[in-house]
């Protein structure tokens, strides 16, 4: 999927987790914005060029690397706010990262799990309808999460 789709959907995943775990609105927005901010980094540093074009590398498109890195990044972000916030932030970052992998798993490029490529190629990465649909789902997740915190 396109990076913007990952950002919107990842924000929805993160703020939904924050809402479920009892984060305040301010804390949830702060953590979720930072979690969504990792998606351009994931796409920037985990793509390479080959003879057949651009492809995903194992660096950040692998469950074994991305999820632990997201958990650690979330913990670092939340650690200045307290232990409970650090745990919530870790889980929100992991949910956002998992959403990235889940969306990319639906494209022909797939992602990596246990060293093997996993893919269920339902959509092209640049399919406008799929990108719009998943972005809309991300917005709906966000609205529902914020509404439950107000």
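Values in this text are rule-based calculations from the coordinates and carry no lab data. Only a predicted model underlies this, so the values are computations on that prediction, with no experimental measurement involved. Don't worry about glycine lacking a Cβ; one is built from the backbone with ideal geometry, like all the others, and counts go over all protein chains shown.
Relative to the present Cα-Cα distance, how much length would full extension add between residue 3 and residue 24 at 0.36 nm per residue of separation?
Extending this stretch completely gives an extra 4.8 nm.
How long is the gain from residue 44 to residue 132 if the chain were fully straight, where each residue apart is worth 0.36 nm and the alpha carbon distance is subtracted?
Full-extension gain reported as 29.6 nm.
Scan (i) 1.14; (ii) 0.99; (iii) 0.96 for the value of Rg/Rh (Cα atoms, Kirkwood Rh) calculated from this model and give just the label.
Of the labelled values, this structure produces (ii).
Using the 10 angstrom Cβ neighbour count as an exposure proxy, how do 93, 30 rank, fewest first?
30, 93
Using only the Cα atoms of the stretch 93-150, build the gyration tensor, take square roots of its eigenvalues as a ≥ b ≥ c, and label the shape rounded, prolate or oblate: rounded if a/c is under 1.5, else prolate if a/b is larger than b/c, else oblate.
Note, shape of the stretch 93-150 comes out oblate.
Working from Cα positions, state the angle (0 to 90°, nearest 10) between the long axis of helix 3-20 and the longest principal axis of the chain.
It is inclined by approximately 30 degrees.
Helix 83-105 versus the longest principal axis of the chain: what is the Cα-based angle in degrees, 0 to 90, to the nearest 10?
Relative to the chain, helix 83-105 is tipped by roughly 20 degrees.
Using only Cα atoms and rounding to the nearest 10 degrees, what angle (0 to 90) does helix 25-36 make with the longest principal axis of the chain?
On a 0 to 90 degree scale, this one is about 20.
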